[in-house]
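Only the coordinates and a few stated rules stand behind these numbers; no lab work does. The structure presented is a predicted model; accordingly, all values stated were derived computationally and were not measured. Neighbour counts are summed over all protein chains in view; Cβ atoms, including those assigned to glycine, are modelled from backbone coordinates with ideal geometry.
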């Protein structure tokens, strides 16, 4: 069977042949670092981590890109709120934090979550703020082609003219007339309320550090623009796969496709979108109180079991969390680990094998992965190999056990289960590192408040940490922390 993927743009499962023989290029949307990662972010990262691992297992050389949106309305808004009188600092949001510091702090939290669950770093991980010149060039191309225009109100905004591009709406198969207005800036500056911002003119009260000088006036880039500029910089005008969460199809990916194609780029040949995460069949919502964070999951089960759970559904399906799900994932992981440990203890040593990793997996596993990355069927093949291996061990058939061990270890490598770092059982490991990083940032904010004799702010931070179960102890060498007994 040839490799096949479901392409969102054509709404069809299509045979995949890379643009460059022997190579593959993948761009998938990373985080807008305004807050802590949630399970949807982590699930998406695991989906595309498995995709990349599988493409590499088949012998392809993969170049992968995952962006970081480190400037955005929400990042600026949260930073601005921390400077307002009456702001209540918390463990996650200290007082008077610059927008760039907030963004970097949460970028590190995302890095820690990815590392904790064995998500490998992409080939490139560009930040939006580092690619403003590329964005200028893309806007200029669109203006020259008649697909973009400076705002009519002199605000410095630049908009994409959706009606100038007859294919607008092709990704989500919508008509312009049926779309919602784009929520950008002052609609008086637009020709059409659905036109979206490529460049956002500076507004009164925004920090000078969040402003760049452009041919259209001082301002900053629009959200959609950055991905088009960075994807083509690192992967070329046309590349193989663009991925992201289902919630990004519109308007983000629709706008990416429109502005890139209108500028003359072939852009992505395949669009892959992963499903969202639900709780007991319902959408997760803070207002409802049915959310669960990666940190909470890592507190309930080993990282390997959390990765198994988050990666076990078909990537296009909704993943439903329910109480007991992590225990089931832990049991499944233990069955795999128990077989591999027993097989090696019994002397069932896999022979050295050359060639692509995909050549070592069972035919059923390969067929499943080639059929639109069907991980549930691939896991069925993995557990069937474990059962067959256990039967071989029971019959003292070490040759068959060794063959099954070869298959099992190849499959767990493709699924990324072998790269999940485990703590030492003493509070160490990536999850503990992520917590330490966040708490220390609060301790530093408290120290700054004390240095400025803002005792009320310092006490609020200490109280917020205490409410979260963190005890801060002041000493001659500075403050340290520990979890409450």
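Distance between the pseudo-spin-label points of residue 108 and residue 480 (7 Å out from Cα toward the beta carbon): 2.0 nm.
Compute the whole-percent fraction of alpha carbon pairs in the stretch 37-168 spaced more than 22 Å apart. When every Cα pair of the stretch 37-168 is considered, 59 percent fall beyond 22 Å. With R₀ set to 56 Å, the beta-carbon distance separating residue 353 from residue 471 gives a calculated FRET efficiency near 0.60.
Round to the nearest 0.05 the FRET efficiency obtained for residue 320 and residue 85 when R0 = 45 Å and r is the Cβ-Cβ distance. FRET efficiency, residue 320 to residue 85: 0.55.
Can you tell me what percent of all Cα-Cα pairs in the stretch 1-115 are more than 16 Å apart? Percentage above 16 Å: 68. Under the definition of Cα pairs under 8 Å and six or more residues apart, what whole-number percent is the relative contact order of the stretch 40-129? In percent, rounded to a whole number, it is 43. Between residue 384 and residue 12, the simple label model (points 7 Å from Cα in the Cβ direction) yields a spacing of 3.0 nm. Classified by the C-alpha gyration tensor, the stretch 295-371 has an oblate form. Its axis ratio a/c, with a ≥ b ≥ c, is 1.5 or above, and a/b does not exceed b/c. Between residue 293 and residue 145, the simple label model (points 7 Å from Cα in the Cβ direction) yields a spacing of 4.3 nm. Once you have a ≥ b ≥ c as the square roots of the Cα gyration tensor eigenvalues for the stretch 278-419, tell me rounded if a/c is under 1.5, and otherwise prolate or oblate according to whether a/b is larger than b/c. The shape class here is prolate.
Paramagnetic label reach from residue 20 (point 7 Å along Cα→Cβ; backbone nitrogen cut-off under 11 Å): within the stretch 59-101, residues 61-64.
Note that the stretch 96-206 shows a convex hull volume over its alpha carbon atoms of 171 Å³ per residue.
With r defined as the distance between the Cβ atoms of residue 278 and residue 172 and R0 fixed at 22 Å, what FRET efficiency is calculated, to the nearest 0.05? Efficiency, rounded to the nearest 0.05: 0.55.
Within the chain, DSSP assigns beta bridges of which about 50% are antiparallel (rounded to the nearest 5). Inter-part distance, the stretch 257-281 to the stretch 112-154, computed on C-alpha centroids, equals 15 Å. Across the stretch 21-69, the convex hull enclosing all Cα atoms gives 56 Å³ per residue. Computed from these coordinates, which is volume of the Cα convex hull per residue in Å³: (i) 182; (ii) 170; (iii) 136? Read-out from the structure maps to (ii). The value of relative contact order for the chain, using C-alpha pairs under 8 Å at least six residues apart, is 19 percent. Globularity index of the stretch 240-353 is 1.50 (Cα radius of gyration / 2.2 N^0.38 Å, N = number of residues). How fast does the stretch 1-48 diffuse by Stokes-Einstein, in µm²/s, taking the Kirkwood radius from C-alpha pairs at 10 °C and 1.306 mPa s? My calculation gives 119 µm²/s for D.
Remark: the stretch 19-274 is approximated by an ellipsoid whose semi-axes, taken from the C-alpha gyration tensor as √(5λ), come to 28, 26, 15 Å, largest first.
Need one word for the stretch 310-354: rounded, prolate or oblate. Basis is the Cα gyration tensor (sqrt eigenvalues a ≥ b ≥ c); a/c below 1.5 gives rounded, then a/b vs b/c decides. Oblate, because a/c is 1.5 or more while a/b does not exceed b/c.
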